[in-house]
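Quick notes on the structure that follows.
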Amino acid sequence: MQLAIMGYGVVGSGVAEVLIKNHDSIVRRSGKDSMQLKYILDLKDFPDDPLHDRMIKDFNIILNDDEISIVVETMGGLHPAYEFVKSLLERGKSVVTSNKELVASKGAELLRTAREHRVNFLFEASVGGGIPIIRPISQCLAANVIEEVAGILNGTTNFILTKMIDDKLDFDTALRLAQKNGYAESDPTADIEGIDSCRKICILASLCFGYHVYPDQVYTQGISDVTLQDVAFAHKFGKVIKLLGMAKKLSDGRVTASVRPCLVDESGQFANVTDVFNSILVRGDVIGDVCFYGRGAGKLPTASAVVADVIDCAKHSDRTKIFGWNDAKENYVTDHLDDPCALYVRAQGDEKAILDLFPAAEIASSGGEFAFITDAASERELLAKLSRIPGVTVKSTIKVTDY
């Protein structure tokens with residue numbers, strides 16, 4: 001069996017390394033007689049690389065080579081990855097990808113194309129890097145009706161929040177440290193504004209609930225407005241702040257999805273997930289809560305998940321796995337504001353006015369500001385209520401979860 005890799009960056013080179021290093025065991029587990037890496041597509045030159053003789057720059061060489069059965073896409077981005085992957089599936093080649101933007105935006109279409117051409121489109125590495133999550137949800141938890149899925153889905157933001165919580169660094173200082181350590185890009189927007197986590201929760205929600213959820217349907221808020229004052233107040237309430245991607249199936253069958261900073265219990269599932277580690281919680285009607293934990297990125301952890309999908313494609317080379325989700329339904333994703341929750345509120349002004357509307361509120365004060373946690377209600381109702389409190393200026397609101 002012949003393979004190709006498109007994109008020879010961190011992940012692509014890791015995939016090549018794993019394929020060669022563990023060649024014999026990979027072949028044995030695939031059920032094939034052999035598995036050879038024939039091409040590596042990249043626009044850059046790698047003259048000193050030991051695999052330089054397999055480097056090509058023309059995608060059509062891979063597309064038109066009938067010996068190529070499985071292609072690994074680690075280019076990243078939406079274009080030309082989408083066009084390349086769709087063409088490969090239509091040509092009868094299975095594709096494995098780590099590209100979360102591609103799967104979040106075009107997953108339903110590409111899964112349908114794979115089914116139509118009796119090949120496979122697999123993407124275990126697109127959400128949790130080296131953390132197994134796609135296959136456990138689709139196979140191991142298949143007897144459950146999934147009610148919720150939530151997770152710390154981005155290592156960069158988790159590192160920054162960890163430094164704010166443990167070392168009392170402000171956001172800007174913690175971000176610079178993340179960049180210095182190589183955890184954050186020079187342009188960290190996709191991480192700190194929640195865009196990366198949004199793509200991942202789209203994939204998880206689509207898989208858990210059966211219909212495609214698109215990024216523009218997900219309320220997305222990053223961590224750039226979280227302050228040390230918020231961190232300190234959260235601690236007084238026995239909470240810590242984490243950036244969570246969340247999706248929930250409501251009783252009427254619709255889904256709500258969001259990415260935002262949240263308060264989680266100091267004794268809860270997510271509080272002790274620190275630094276660049278990720279964690280994903282799946283809540284099923286039969287099994288209850290199941291958590292997956294590990295490094296959500298990195299060269300070899302991500303390559304491990306990609307190669308596992310390659311082996312799965314090889315095992316299913318004569319058929320398409322029953323796997324994935326359907327196209328989106330109209331009015332399927334509903335506004336997150338209608339989902340009941342409690343809110344942490346940081347404000348300035350007349351503390352006594354708070355007790356008129358929230359008589360059970362415990363109020364903490366510091367540095368000319370105060371904070372409290374509301375009763376549970378729809379977020380829309382709570383925000384309307386907060387806007388009507390005389391003599392009080394709300395500075396920040398953060399969702400309080402039961403995770």
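A few remarks follow.
- Solvent-accessible surface of the chain, taken per residue with a 1.4 Å probe and all protein chains present: 43 Å².
- Under the convention that each Lys and Arg Cβ holds +1 and each Asp and Glu Cβ holds -1, the size of the dipole of the chain around its Cα centre is about 660 debye.
- When each full DSSP H helix of the chain is screened for a Cα extent of at least 15 Å along its own axis and an average Kyte-Doolittle hydropathy of at least -1.0, the helices passing are 10-21, 100-116, 155-166, 195-209, 299-315.
- Listed pairs 236/329; 180/385; 248/395; 21/163 exceeding 32 Å between Cα atoms: 236/329; 180/385; 21/163
- Cα-based shape type of the range 192-301, given that a ≥ b ≥ c are square roots of the gyration tensor eigenvalues and the cut on a/c is 1.5: rounded
- Within the chain, antiparallel bridges make up roughly 65 percent of the DSSP beta bridges whose residues both belong there.
- Cα gyration tensor, the range 306-345 - rounded (a/c under 1.5), prolate or oblate: oblate
- Between the range 72-102 and the range 367-399, the Cα center-to-center distance that results, in Å: 45
- Three-way shape label, the chain, alpha-carbon gyration tensor, a/c 1.5: prolate
- Accessible surface of the range 255-403, 1.4 Å probe, proportion on carbon and sulfur as whole %: 47
- Our note on the geometry: Cα centres of the range 257-323 and the range 130-191, 11 Å apart.
- Highest average packing first - 159-170, 382-393, Cβ atoms within 10 Å: 159-170, 382-393
The values are calculated or read from the model by the stated rules, or taken from the named source; none is laboratory data. Quantities reported herein were computed from a predicted structural model and do not represent experimental measurements. Virtual Cβ from ideal backbone geometry, glycine too; neighbours counted across all protein chains shown. The accessibility values were calculated without ligands, DNA or RNA, using every heavy atom of the protein model including side chains. Shrake-Rupley method; radii C 1.70, N 1.55, O 1.52, S 1.80 Å.
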